[in-house]
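Visitor: I have a structure I would like to understand better, so I am pasting it below and will then ask my questions one at a time.
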Amino acid sequence: MFTTKNYAYHLIAILTVGIWGLTFISTKVLIGYGLSPQEIFVLRFLMAYLGIWFISPRKLFADNWRDELWLLLGGVTGGSFYFLTENTALEITLATNVSFIVCTAPLLTTILSLLIYKKEKATVGLIGGSLLALAGVALVVYNGHFVLKISPLGDFLTLLAAFSWAFYSLIMKKLFGRYRTTFITRKVFFYGLLSILPAFFFRPWQFPLQGFLHPAVWTNLIFLGILASLVCFVVWNVVLKRLGTLQASNYIYLNPLFTLIGSAVLLGEQLTVMGLVGALLILSGVYWAGRKV
């Protein structure tokens, strides 16, 4: 399945997605303390943006305005628009609906890549593995408690979030080779922060300063800002560059698996047989999709 040369990048991809799978739990905790989704986004991306200046080149702008525009679109699709649509959907529809629909992002990435890049070829393993992993995602997300509740607006927003991440992956592919990964990631953080600001006209900042004194608040913010954003966005962009957009994106299917495990360990939520079967399907699908067939 994996070449020796890229073995480390596959492991990094799994670890990165594993951390992202735990971010839902941290976000849930912070919302419980009174932070809004957009406040959480600003704080985590601001921490990441300030932190990346220590490792990013001092280059301020791209080489031309077209690349600068692509970086702006990267900040919107991989930052503000993605998180705003996903978190807003969580307030409208069921979390299980959101978790499942968001995990269509790898499949959407594959479809868009095949349409845009004619050199990309869809193998039986890639398509079959993606569908098998997606079926596993459904079992893991519902975890023995299947509740179907159609919320057109909430589900549509979630689908927009999935498309947003798919476009972000393709935008990163377009920029790789022209600029250093740290520079690209820093610009994504910057434009993500800049493009989220208009949202505060409709929902002003309300979280009080004394709220940051709670250990659960600042520890979860550090986890989201430094580890899940700063570190993970940098290494994920490296993974996209080394493994390719299609192969790397399939690891996103592992996201709800890590959320399931984290919820069972940290929140004491029940782990069912259906969830375990779903986990097996996800692992099998990711393996199948990653094979060179």
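The values are calculated or read from the model by the stated rules, or taken from the named source; none is laboratory data. Worth saying up front: this structure is predicted, and the values here are computed from it rather than measured. Positions of Cβ are generated from backbone atoms using ideal geometry, with glycine treated the same way; all protein chains shown enter the neighbour counts. Just so you know, the surface numbers come from the protein's heavy atoms only, side chains and all, with ligands and any DNA or RNA stripped out. Shrake-Rupley method; radii C 1.70, N 1.55, O 1.52, S 1.80 Å.
Visitor: What pairs come out if I take residues in segment 78-92 that are farther than 21 Å from residue 29 by Cβ and pair them with residues that are open to solvent by 10 Å² or more (accessible area, probe 1.4 Å) whose C-beta lies under 6 Å away, six or more apart or interchain?
Guide: Filtered contacts from segment 78-92: 80/195; 85/157; 85/160.
Visitor: Can you tell me how many residues in segment 229-247 are small (Gly, Ala, Ser) and either open to solvent by 10 Å² or more (accessible area, probe 1.4 Å) or closer than 18 Å to residue 131 by Cβ (or both)? Before the answer, list the steps.
Guide: Initially, segment 229-247 is screened for residues small (Gly, Ala, Ser), giving 229, 244.
Imposing the further condition that a residue be either open to solvent by 10 Å² or more (accessible area, probe 1.4 Å) or closer than 18 Å to residue 131 by Cβ (or both) reduces the set to 244.
The qualifying residues number 1.
Visitor: Moving on. Name the one entry in 233, 207 that is at pLDDT below 95 and in a helix (DSSP H, G or I).
Guide: Exactly one residue qualifies, and that residue is 233.
Visitor: Tell me which residues, restricted to segment 47-73, are within 21 Å of the chain's Cα centre (by Cα) and either within 22 Å of residue 171 (Cα to Cα) or basic (Lys, Arg) (or both).
Guide: Scanning segment 47-73 gives 48, 49, 52, 70, 71, 72, 73.
Visitor: Then there's this: Run down 126, 114 and say which single residue is within 13 Å of residue 246 (Cβ to Cβ), open to solvent by less than 30 Å² (accessible area, probe 1.4 Å) and modelled with pLDDT under 80.
Guide: Numbers: 114 fails: open to solvent by less than 30 Å² (accessible area, probe 1.4 Å).
Of the residues listed, the single one that is within 13 Å of residue 246 (Cβ to Cβ), open to solvent by less than 30 Å² (accessible area, probe 1.4 Å) and modelled with pLDDT under 80 is 126.
Visitor: Another question, then. Report yes if residue 27 is at pLDDT below 95, more than 25 Å from residue 215 (Cβ to Cβ) and hydroxyl-bearing (Ser, Thr, Tyr), otherwise no.
Guide: Against the criterion (at pLDDT below 95, more than 25 Å from residue 215 (Cβ to Cβ) and hydroxyl-bearing (Ser, Thr, Tyr)), residue 27 does not qualify.
Visitor: May I ask you to verify whether residue 179 is of a type outside the set (Asp, Glu), in contact with a Gly (Cβ under 7 Å, 6 or more places away or on another chain) and at pLDDT 90 or above? Break it down into steps so the answer makes sense when it comes.
Guide: Values: of a type outside the set (Asp, Glu): yes; in contact with a Gly (Cβ under 7 Å, 6 or more places away or on another chain): no; at pLDDT 90 or above: yes.
Answer is no for this residue.
Visitor: Moving on. State whether one or more residues within segment 129-142 are surrounded by 19 or more Cβ atoms within 10 Å (Cβ to Cβ) and at pLDDT 85 or above.
Guide: Checked segment 129-142: no residue is surrounded by 19 or more Cβ atoms within 10 Å (Cβ to Cβ) and at pLDDT 85 or above.
Visitor: Continuing with this model, one more query. Would you check if residue 89 is touching an Asp or Glu at 6+ places or on another chain (Cβ under 8 Å), crowded, with 16+ Cβ neighbours inside 10 Å and in a helix (DSSP H, G or I)? Full working, then the answer.
Guide: Values: touching an Asp or Glu at 6+ places or on another chain (Cβ under 8 Å): yes; crowded, with 16+ Cβ neighbours inside 10 Å: yes; in a helix (DSSP H, G or I): yes.
For residue 89, the condition - touching an Asp or Glu at 6+ places or on another chain (Cβ under 8 Å), crowded, with 16+ Cβ neighbours inside 10 Å and in a helix (DSSP H, G or I) - is met.
Visitor: Name the one entry in 11, 46, 50 that is assigned to a helix (DSSP H, G or I), closer than 13 Å to residue 226 by Cα, open to solvent by 50 Å² or more (accessible area, probe 1.4 Å) and free of Cβ contacts under 8 Å to residues at least 40 places away in the same chain. Spell out how you get there, then give the answer.
Guide: Values: 11 fails: closer than 13 Å to residue 226 by Cα; 46 fails: free of Cβ contacts under 8 Å to residues at least 40 places away in the same chain.
One residue alone meets the criteria, 50.
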